[in-house]
1. Which one is nearest to the chain's Cα centre (by Cα), of the residues in the range 512-532 that are closer than 16 Å to Met370 by Cβ and open to solvent by less than 10 Å² (accessible area, probe 1.4 Å)?
2. Could you tell me which numbered condition Glu575 fails, if it satisfies all but one of (1) buried (at least 23 other Cβ atoms within 10 Å of the Cβ); (2) charged (D, E, K, R); (3) over 30 Å from Arg536 (Cβ atoms)?
3. Give me a count of the residues in the range 159-179 that are in a loop (DSSP other than H, G, I, E, B) and either touching a Cys at 6+ places or on another chain (Cβ under 8 Å) or closer than 24 Å to Lys204 by Cα (or both).
4. If you go through the range 366-373 one residue at a time, do you hit one that is more than 33 Å from the chain's Cα centre (by Cα), surrounded by 12 or more Cβ atoms within 10 Å (Cβ to Cβ) and not basic (Lys, Arg)?
5. In the range 130-158, which residues are at negative phi, open to solvent by 10 Å² or more (accessible area, probe 1.4 Å) and part of a loop (DSSP other than H, G, I, E, B)?
6. Select from the range 662-671 the residues that are more than 41 Å from the chain's Cα centre (by Cα) and either of a type outside the set (D, E, K, R) or surrounded by 17 or more Cβ atoms within 10 Å (Cβ to Cβ) (or both) and list them in ascending order.
7. Considering Gly408, Gly424, Gly375, Gly393, which residue is in contact with a strand residue (DSSP E or B) (Cβ under 7 Å, 6 or more places away or on another chain) and at pLDDT 95 or above?
8. Scan Pro470, Pro459 and give me the residue that is under 12 Å from the mean Cα position of the chain (by Cα), at pLDDT 95 or above and part of a loop (DSSP other than H, G, I, E, B).
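The values are calculated or read from the model by the stated rules, or taken from the named source; none is laboratory data. Not measured: the values here are computed from a predicted model. Ideal geometry is used to build each Cβ from the backbone, glycine not excepted, and the neighbour counts take in all protein chains shown. For accessibility, only protein heavy atoms count, side chains too; no ligands or nucleic acids. Shrake-Rupley method; radii C 1.70, N 1.55, O 1.52, S 1.80 Å.
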Amino acid sequence: MSTSTAATTEPDLAPASDDLEGRIIVSLRLLAADAVEKAGSGHAGLPMGMAPAAWVLWSRFLRFDPTRPDWPDRDRFVLSAGHGSMLLYGLLHMFGYDLTLDDIREFRQWGSRTPGHPELGHTPGVETTTGPLGQGICNAMGKALAERMLAARYNPDDGPPIVDHRTYVIASDGDVMEGASHEMASLAGHLRLGRLIILYDDNKTTIDASTDVTYSDDVLTRFAAYGWHTEDIDDGNDRDAIEQALHNAIAEETRPSLIRVPTLAGYGAPDVEGTHDAHDGALGDDQLRRTKTRFGWPPDEMFVIPDDVREHCAKLADERRREHDEWERRFDKWADGHPEQASEWRRVHARRLPEGYEDVLPQFDAGEKMASRDGSGAAMRELSKILPELVGGSGDLAGSTRVAKVEGDEVKPGDYRGRKIHFGVREHVMIASLTGIGLHGGFRPYGSTFLVFSDYARPAIRLAAMMGVPAVYLFTHDSLGVGEDGPTHQPVEHVPSLRTIPNLAVLRPADANEASEAWRVALERTDGPTAIILSRQDLPVLPPPPRGTIGQDGAWIRRDSDGEPDVVLVATGSEVWKALEAADLLASDGTTARVVSMPWREQFLELDPQRAAEILPPGIPRVVVEAAVPMGWDGIAGPDGRVIGVTQFGASAPGEVVLENYGFTPENIADTARETLAASRSATEGTRR
């Protein structure tokens, strides 16, 4: 079809000449379509449909400063439907963030600042990495909770607030389908997070088909049942209705809000708008030309942003900058009157620890018996006395994970002065909202549950590691030692699985003293999350490691021999003391053993080879012991070494009985060491012959 024919047979969607906002919205729609067309991939459907709602939000409500994207009291905008990234990139560019039109042209290309889905730290103005559906709305809940907790902590009774912002979200049908959205909606409604506002893009399309084939929920009724305020708009192009719905949501201080915005995916594209074919992929040259003609745009030009559009956006951005300037003056006045609080604010927002904080970390007397979870709990109690920013809780397991006695009151619906959060049986939203709390600033978040339940939260753990969020995960009940609860609750594959996540520090301390030291590692990491793996069963307390050793080397020599050892025993967690007893058994027949505790394997693997050789000397046979799937240990054991691990699920019986039947005894470790040593000597003799 020719351009001229298209212009006469297809409905004209061009805004009136005096409708500047309408032309801005067309600019956003076609900027997305052009970027996807040039890239040959992407999702123009959502940006083309949701451009009016996004424009109303950004131009009439959102508080931001393009020159200072990290302004503490800015509103947070989360594009949970991250596949619609070009909508966000278009807004950032048009409002003057450090994102050029050349960056837009390089959408989805190697090295560009406009990746396929928004990435934190990659593009100025992006608040969280999104794309896996359901994650963004859960992050947003954490941000909204952090805002309320900061406001309760710092806002003065005798003056204007310094914490006074909202969290806005654009979510898709896919976001509200994902199971995590149910956890989020339930908890946010319970906590009465009235400053969380979601614009729900109800375009009724997914990649495969119309949502009719998979989805018949009454979404508004569902969210209302969770305690949310809901709004319904008849037409997603009705800017005044969108504005009124947002005003109504803002007035709801005690309920989060969901605003349904019915749209057509790919709005304006003649043959595909409103169908699942518009969800993703380029429109194609003919379809794109016809779309531009309908909007009154030059059909042969790409990446067109009229001058008056740019000027209007620049004017609005300048107004937002003045709001930021006013906040800075307000903050300085508050800081002058509240110097101690201001000092704390600056420290925690910079993620700095107070000097000498490590002095409060407890050390325990060797010879006692206690679970490593108890050592962690004791460390947390002391740390919480001097770190007001330490906030978090558990997935209904505070007593079991030993976080129940941490200093501070509980966070309650409508009362956010506390520090302890009851997440309920919601592991996924617990971890994802910790990410939001950490990204928001002002806190160091932690969450806890049984190790076997970390699977429920793995997508959120992965994204936290990708974004470098310094959250702390306490995973207890770490092995076959869980005992009678049986194989469903005995994690055998979870530790090695977590170790495969880049930038996630996985520490499995040997006892209460190593657990205390693991907290030092977790707090001093500011560029990624830390998982501390803890035992349920009591373990012998061993002499503490030298301060900083675990963080520096990931491993240390627990017991050494006079001179070069015959064999090296490497163990983690609750198997370390058994390796030590195995060394005693070996000594009884004249075999000398070095015992190495390796709580943070990946850190050890990053060591300079010379330093690593000081801990694991080359040429000495090694036996590695861990009550888990042995994946990844071959490199530590070496070609002539052995790994004692678990290659099947557990069994229901007392923990020590299960461990004994799976070979985790000093006797079996010693026997394996003897066999390994004999095989090594035999191979050496064979070589000599």
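1. Here the residue is Ile532.
2. It fails just one condition, (3).
3. Of the residues in the range 159-179, 1 are in a loop (DSSP other than H, G, I, E, B) and either touching a Cys at 6+ places or on another chain (Cβ under 8 Å) or closer than 24 Å to Lys204 by Cα (or both).
4. yes
5. Pro132, Leu133, Asn155, Pro156, Asp157, Asp158
6. Ala670 - this is the single residue of the range 662-671 that is more than 41 Å from the chain's Cα centre (by Cα) and either of a type outside the set (D, E, K, R) or surrounded by 17 or more Cβ atoms within 10 Å (Cβ to Cβ) (or both).
7. Just one listed residue meets the conditions, Gly393.
8. None of the other options fit; the residue is Pro470.
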